[in-house]
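Only one structure is covered here, and it is reproduced in the block below.
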Amino acid sequence: MKFIVTIGLLFFYLVHPAFSLPASSHDGPDPWMSWRFDRSSIGTTDKIERVKARLGPPGKPLGDVRFIDNDEGGSLFLTGAKSGIQIVPDFRSLKNSPPRDAITVSFTGSVDKPQQWGGLAGIIQDNGSDEHGWILGYNQDVFTFAVRSKDGPGRLTYLEGRTRYEAGKIYHVVGIYDGNRMQIYVNGKLESESMEQSGPIDYPRNAPFTLGAYHDANEFYGHRGRFHELAIYSAAAKPEWVEKEFQHYKSYANQAAAPIYEPLAFEINPYLQFGTLNSMTVMWKTNRTATTKVFWGKTNECKNELKTDQNGIVHECTINQLEPQTHYFYRVESQSQQGKPSVITSSVSTFQTAVKTETPFAFAVISDTQGNPEVSGKLAAHAWGQRPNFLLHPGDLVSTGGNDSHWTDHFFPSMDSLIQRVPFYPVLGNHEQNAKNYFDYVSLPEPEYFYTFQFGNTQFFMIDSNRNVAPESEQYQWLEQQLTKSDAIWKFVCHHHPPYSSDENDYGNLWKTNVSTRGDQRVRQLIPLYEKHNVDFVWNGHIHSYERTWPIREGRSVESDAPIYMITGGGGGSLETPGPVRPFFQNTVRYGHHYSMVRINGRRIEIQVYDLENRLFDQLSLVKK
């Protein structure tokens, strides 16, 4: 049986020659399922409990799903995050078996928030090499259509359109697979096609059937935007049908981007960046375009006002001419003119400017917070309880840097209790993927992927170990220059990949062979600089465990006066285990989520490391000669 999934008004075409049908089929395509997301389909709009189907089972709203009244009879607005419309938890429970020989997926509605993995309708699993099913969706820029077939290359083919969609604007998008050819249409026009897949659709062993989300066994990326209609047919459409179907929605597609229907709100609460003796940068994000204003002062009245000419969704405001090591209060305000004018104001929070060289201070270290906001949030709260001056983050802030929801739903909410009151200083991990999101959400000295900062009597040198760090590289030469001219009492380097690690399998599987590099060979090219210029500590992540080395010089452990390397990758990522034997450099290793506190008073340093229950499990105290 051939199959069509279409979002749009399709009942006019219950019998239409523009569909490709098998010889045994009757005159027109048989509807499989169809919905229209208007008032009659949802009943009360106060609390939407289900969406009635014209054909097929009703849909169950997930998350925050709202009804919007309009001249077209209304539509559903999905607000993102965990919102969607679940048809069944497992497609195998459907009374009618899903189509296999062909599929056409057609969507009419809006995408109000770009994301890397956006879903409009699909039955899919995409977990590593386990790729099955189909999905119509979108990425950060364009609409996409993915299919895996029985006789294809053994993976999903993601076909991309060419039209860069505008957030809030209505589009009619059609993805077609007829058993040999994949096609994607936008507003009635063919934009891309592929012959990579062939044969029946290869479905997963089990998978949810969800509208308005990219949803498989371990991922749920909810859609933010409007849904008008959905119908599913058992035939593959030809170009003539796509063009005629688009005519129903042409007037919508010609309209400007629709107004935002939800109230102005903080998508990311205010947080702090790059504090100095005399300045502090405040950043936040709103769910739509708005103005940027900060109120601040030495009391919670925040009588000083600082506004900028910015008008966007990511806001950045630097307060200058502050006094060193001084306690300040701040709150932010944004106003939007989109739709009904509205203003939002944050609660009052606090910060302290950097301390002078003679003043003791402390900082927290948390790394590899990726994809586990429950754990990273607990660690951040523990760290804030110890009142650090700032947070050092050695990379892998999120699981996927290009996925905006990993920032807005995972990293920033989990770290809020800490970074609304102290600035955080990060480096890029491999999971950031050098994505634009990282550079949008941090405010650091150019070029941002490497930089230095001074705090008290200590200088920090921040390196991107994903890039070239060989002696001829830009970062190596910059680091050598910076270390040469530094007169700081303490010198710390931070980069994601560890030069020394006893991990069981990242650098050679120590359960199968005794051959391992026991650390990242590329970044070891920096070690001569550390030893030559008397770097004290090197902070790393990447390995999801805790490890502290002895002082190491010229490839040997020594008693003192050499760099100590610390892996602090237990901020949230899946934990990793050390190998079965003890390498020469290992002082302490521990399996478990954790954070570190570093305290400096003149030439004395104290380091304490705490587990997820805030129990101390390692400490170090030394005095620098």
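The values are calculated or read from the model by the stated rules, or taken from the named source; none is laboratory data. Bear in mind the structure is a predicted one, so any value in this text is a computation, not a measurement. Counting neighbours? That spans all protein chains shown, and the Cβs are built from the backbone with ideal geometry, glycine included. The accessibility values were calculated without ligands, DNA or RNA, using every heavy atom of the protein model including side chains. Shrake-Rupley method; radii C 1.70, N 1.55, O 1.52, S 1.80 Å.
With Pro204, Pro263 as the choices, which residue is within 27 Å of Gln115 (Cα to Cα) and open to solvent by 40 Å² or more (accessible area, probe 1.4 Å)?
On the way: Pro204 fails: open to solvent by 40 Å² or more (accessible area, probe 1.4 Å).
Among Pro204, Pro263, only Pro263 is within 27 Å of Gln115 (Cα to Cα) and open to solvent by 40 Å² or more (accessible area, probe 1.4 Å).
Pairs, please: C-beta under 8 Å, at least 6 apart or cross-chain, first residue farther than 22 Å from Ser34 by Cβ and basic (Lys, Arg) and in segment 106-125, second part of a strand (DSSP E or B) and open to solvent by less than 10 Å² (accessible area, probe 1.4 Å)?
Listed by first residue and then by second, the contacts come to Lys113/Gly80; Lys113/Gly225.
Within segment 165-187, count every residue that is farther than 17 Å from Ala121 by Cβ, buried (at least 17 other Cβ atoms within 10 Å of the Cβ) and either of a type in the set (Val, Ile, Thr) or without any contact (Cβ under 8 Å) to a residue 60 or more places away in the chain (or both).
Qualifying residue count for the region: 0.
Of the conditions (1) out of contact with any Ser or Thr (no Cβ under 9 Å at 6 or more places or on another chain); (2) not in a loop (DSSP other than H, G, I, E, B), Thr163 satisfies every one except a single condition; which number is it?
(2)
Since Tyr221 meets every condition but one in (1) closer than 29 Å to Asp178 by Cα; (2) outside any loop (DSSP other than H, G, I, E, B); (3) open to solvent by less than 20 Å² (accessible area, probe 1.4 Å), which condition does it not meet?
Going through the list (1) closer than 29 Å to Asp178 by Cα; (2) outside any loop (DSSP other than H, G, I, E, B); (3) open to solvent by less than 20 Å² (accessible area, probe 1.4 Å), Tyr221 breaks only (3).
When you look at Ala380, is it among the small types (Gly, Ala, Ser), open to solvent by less than 10 Å² (accessible area, probe 1.4 Å) and in a strand (DSSP E or B), yes or no? Even if it seems obvious, please write down each step before you answer.
Values: among the small types (Gly, Ala, Ser): yes; open to solvent by less than 10 Å² (accessible area, probe 1.4 Å): yes; in a strand (DSSP E or B): no.
When the stated conditions are applied, Ala380 does not pass them.
How many of the residues in segment 391-418 are outside any helix (DSSP H, G or I), surrounded by fewer than 24 Cβ atoms within 10 Å (Cβ to Cβ) and modelled with pLDDT of 95 or more?
2
Checking Lys238 against (1) open to solvent by 30 Å² or more (accessible area, probe 1.4 Å); (2) within 32 Å of the chain's Cα centre (by Cα), which single condition isn't satisfied?
All conditions pass for Lys238, except number (2).
So if I check each of Gly579, Gly592, which one is open to solvent by less than 20 Å² (accessible area, probe 1.4 Å), of a type outside the set (Phe, Trp, Tyr), more than 17 Å from Pro498 (Cα to Cα) and within 32 Å of the chain's Cα centre (by Cα)? Full working, then the answer.
Values: Gly579 fails: more than 17 Å from Pro498 (Cα to Cα).
Gly592 is the lone residue from the list that is open to solvent by less than 20 Å² (accessible area, probe 1.4 Å), of a type outside the set (Phe, Trp, Tyr), more than 17 Å from Pro498 (Cα to Cα) and within 32 Å of the chain's Cα centre (by Cα).
For Ser41, which of the numbered conditions (1) more than 24 Å from Pro263 (Cα to Cα); (2) in contact (Cβ under 8 Å) with a residue 60 or more places away in the chain fails to hold?
(2)
Condition (residue is over 22 Å from the mean Cα position of the chain (by Cα) and buried (at least 23 other Cβ atoms within 10 Å of the Cβ)) applied to segment 110-121: is it met by at least one residue?
No: zero hits.
Please verify whether segment 183-191 includes one or more residues that are assigned to a strand (DSSP E or B) and either within 30 Å of Thr292 (Cα to Cα) or among the basic types (Lys, Arg) (or both).
yes
If I go through segment 110-158 residue by residue, how many of them are of a type in the set (D, E, K, R) and not in a loop (DSSP other than H, G, I, E, B)?
Selection size over segment 110-158: 3.
Among the residues of segment 440-450, is there at least one that is of a type in the set (Ser, Thr, Tyr), in a loop (DSSP other than H, G, I, E, B) and in contact with a Ser or Thr (Cβ under 6 Å, 6 or more places away or on another chain)? Write out each step before concluding.
Looking only at segment 440-450, we keep the residues that are of a type in the set (Ser, Thr, Tyr), and these are 441, 443, 449.
With the extra rule that they be in a loop (DSSP other than H, G, I, E, B), the set shrinks to 443, 449.
Those still in the list that are in contact with a Ser or Thr (Cβ under 6 Å, 6 or more places away or on another chain) too: 443.
Scanning segment 440-450 turns up at least one residue that is of a type in the set (Ser, Thr, Tyr), in a loop (DSSP other than H, G, I, E, B) and in contact with a Ser or Thr (Cβ under 6 Å, 6 or more places away or on another chain).
Working only within segment 528-546, note down all residues that are open to solvent by less than 50 Å² (accessible area, probe 1.4 Å), closer than 23 Å to Ser621 by Cα and either without any contact (Cβ under 8 Å) to a residue 12 or more places away in the chain or over 31 Å from the mean Cα position of the chain (by Cα) (or both).
Answer for segment 528-546, where residues must be open to solvent by less than 50 Å² (accessible area, probe 1.4 Å), closer than 23 Å to Ser621 by Cα and either without any contact (Cβ under 8 Å) to a residue 12 or more places away in the chain or over 31 Å from the mean Cα position of the chain (by Cα) (or both): Tyr530, Glu531, His533, Val535, Asp536.
Of the residues Asp487, Asp464, which single one is open to solvent by 10 Å² or more (accessible area, probe 1.4 Å), assigned to a loop (DSSP other than H, G, I, E, B) and of a type in the set (D, E, K, R)?
From the options Asp487, Asp464, the qualifying one is Asp487.
Which one of the conditions (1) modelled with pLDDT of 95 or more; (2) open to solvent by 10 Å² or more (accessible area, probe 1.4 Å); (3) part of a loop (DSSP other than H, G, I, E, B); (4) not aromatic (Phe, Trp, Tyr) does Val515 fail to meet, given that it meets all the rest?
Here Val515 meets the rest and fails (1).
For segment 290-369, give me every one of the strands (runs of 3 or more DSSP E) that falls completely inside it and has 3 or more residues that are under 26 Å from the mean Cα position of the chain (by Cα), in contact (Cβ under 8 Å) with a residue 40 or more places away in the chain and surrounded by 15 or more Cβ atoms within 10 Å (Cβ to Cβ).
Details: elements: 304-319, 327-336, 342-345, 349-352, 361-365.
By residue number, 304-319, 327-336, 361-365.
So, in segment 70-85, how many residues would count as being in contact with a Leu (Cβ under 7 Å, 6 or more places away or on another chain) and either surrounded by fewer than 19 Cβ atoms within 10 Å (Cβ to Cβ) or at pLDDT below 90 (or both)?
Applying the first criterion (in contact with a Leu (Cβ under 7 Å, 6 or more places away or on another chain)) to segment 70-85 yields 82-85.
Retained after the next criterion (residues that are either surrounded by fewer than 19 Cβ atoms within 10 Å (Cβ to Cβ) or at pLDDT below 90 (or both)): 82.
Qualifying residue count, segment 70-85: 1.
Out of Val427, Val422, which single residue is closer than 20 Å to Phe274 by Cβ, in contact (Cβ under 8 Å) with a residue 40 or more places away in the chain and touching a Cys at 6+ places or on another chain (Cβ under 6 Å)? Give the steps one after another, and end with the answer.
On the way: Val422 fails: touching a Cys at 6+ places or on another chain (Cβ under 6 Å).
Result of the check over Val427, Val422: Val427.
Just to check your reading of the model, which residue among Val515, Val538, Val523 is in contact with a strand residue (DSSP E or B) (Cβ under 7 Å, 6 or more places away or on another chain) and of a type in the set (A, V, I, L, M)?
Val538
Name the residues in segment 142-164 that are touching a residue at least 40 places away in the same chain (Cβ under 8 Å), surrounded by fewer than 22 Cβ atoms within 10 Å (Cβ to Cβ) and under 24 Å from the mean Cα position of the chain (by Cα), would you?
Once the filter is applied, which keeps residues that are touching a residue at least 40 places away in the same chain (Cβ under 8 Å), surrounded by fewer than 22 Cβ atoms within 10 Å (Cβ to Cβ) and under 24 Å from the mean Cα position of the chain (by Cα), segment 142-164 yields only Thr157.
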